[in-house]
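Each remark here refers to the structure printed beneath this line.
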Amino acid sequence: MRRRRFLVILFGCIFVGIGGWLVWPGPEEPKYKGRALSEWLQLYQKRTTGDLSVSEIDDAPDAVRHIGANALPYLLKWVQPRPTSAELAVQYLPERLRESVIFRGFSERSDVRAEAAVSGFAILGPAARPAIPELVGLVTSAAPYPFAREALEGLGGDGLSALLAALVRPGQSNRLSILQCVDSRSTWPDPAAAFPPLIQCLDDPDRAIAVEAIRVIGRLGHGPDPALCALIKSLHHEDPLVRRAAGTALVDWRTAARPALPCLLRDLKNPRFASAAAEALGDLELEPQRVIPALTRALQNSDPIVRAAIARALGKFGEQARTAVPFLLELYNDPDDSMQRTALEALYAIRAMSFPFPDSEMFRRRYGLPPPPGRINE
């Protein structure tokens, strides 16, 4: 009986404590027309649901702009989603209670506030500039805040300029997070402004920074000539990961990377760079009449890794690379099993069986090849 009474008192205290947290007033938010900032932002978040009138849809952003700079301290706080005391207390409740209608929304409340804060920054636009340094600090903290990054993206050119300045600032922490933010190019009004600092990062002693900067340059797409020259220069970087990233970035540029072809073709003759060059040439698939003969000649390379990369590159040209079939057949006779598989994959990618033999079975039996993947050997 005493134990039961004790449990009743304990749970009663817990519920009273949670109720106190729920109703305890926090700092008073700025208001406009009798509604608090958070209420206006909640209305704005519902603008696409069809539940609001036209006047409410128009009034919400106007109200946030009217509150103006007074909203910034609250937006900066909300953009850092941290569980409130009430949310933490709910986590200690039994699972059935946590999933009830009364308490279900608490686990998501912080993220809802953070999303609303991102909208608030976007609404304020230039009026939110005083908050940019603190947002950059949140993005570059040891544990970056993703909603802070979204808020900076929503500020457009002002946010991009602040990030780029931080990217090249001596001693700046967590530059990888900055690069990931700059990579979200769809929200920047002028992505071309990102190229000069990114190019500067290609010579960074931190390999991770150089690789990520190259990837961002590739994903930003066709940029100015200095960016292309920097990517071509990175093809000869001492670090193989940087070289490979540069080749991939050139592939992302597609036809805009055509000026890099002479460099890539020369690199086929250099054992140090030949593998990455072959991969890039195969992925670009540019000027086959010029590239395929060069790749075919390079199959004579003594390095098996290079030969395998060249075979894969020839396969990517498909039927255009039929002139390389005899050389790939020689490669198929290599005693190494993995080299045989690579050569076979290239032969079937080129559809070699259709030339010079019209019958695929005749071709296979003539050269002793196994059937294509998915077929059963008779």
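The values are calculated or read from the model by the stated rules, or taken from the named source; none is laboratory data. Model, not experiment: these values are computed from the prediction. Cβ atoms come from the backbone with ideal geometry, glycine included; neighbour counts cover every protein chain shown.
Table for the structure above
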quantity	calculated
Hits in the stretch 274-316 - residues which are of a type in the set (Asp, Glu) and outside any loop (DSSP other than H, G, I, E, B)	Glu279, Asp283
Residue among Ala230, Ala213, Ala193 that alone is small (Gly, Ala, Ser), surrounded by fewer than 18 Cβ atoms within 10 Å (Cβ to Cβ) and not assigned by TED's automatic domain parsing to the domain that holds Ile123	Ala193
Qualifying residue in the stretch 56-68 (condition: farther than 14 Å from Gly120 by Cβ, assigned to a loop (DSSP other than H, G, I, E, B) and at pLDDT below 80)	no
Residue among Trp188, Trp253 that alone is modelled with pLDDT under 90 and out of contact with any strand residue (DSSP E or B) (no Cβ under 8 Å at 6 or more places or on another chain)	Trp188
Phe273 vs. criteria surrounded by fewer than 23 Cβ atoms within 10 Å (Cβ to Cβ) and assigned by TED's automatic domain parsing to the domain that holds Pro335	no
The stretch 219-240 - residue that is over 20 Å from Asn270 (Cα atoms) and part of a helix (DSSP H, G or I) and, of those, nearest to the chain's Cα centre (by Cα)	Arg219
Qualifying residue in the stretch 7-16 (condition: modelled with pLDDT of 70 or more and of a type in the set (A, V, I, L, M, F, W, C))	no
Qualifying residue in the stretch 325-340 (condition: assigned by TED's automatic domain parsing to the domain that holds Ala308, among the small types (Gly, Ala, Ser) and modelled with pLDDT of 85 or more)	yes
Subset tally (residues that are buried (at least 16 other Cβ atoms within 10 Å of the Cβ), at pLDDT 85 or above and among the polar types (S, T, N, Q)) for the stretch 99-141	2
Members of the stretch 204-246 found to be among the small types (Gly, Ala, Ser) and without any contact (Cβ under 8 Å) to a residue 24 or more places away in the chain, listed by number	none
Yes/no for Leu281 being within 22 Å of Asn333 (Cα to Cα) and at pLDDT 95 or above	no
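Residue-by-condition table, conditions (1) closer than 23 Å to Tyr74 by Cβ; (2) of a type outside the set (Val, Ile, Thr); (3) outside any helix (DSSP H, G or I); (4) in contact with a Leu (Cβ under 8 Å, 6 or more places away or on another chain):
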residue	(1), (2), (3), (4)
Ala127	yes, yes, no, no
Glu134	yes, yes, no, yes
Pro144	yes, yes, yes, yes
Ala166	no, yes, no, no
Gln180	no, yes, no, no
Ala193	no, yes, no, yes
Ala208	no, yes, no, yes
Ile217	no, no, no, yes
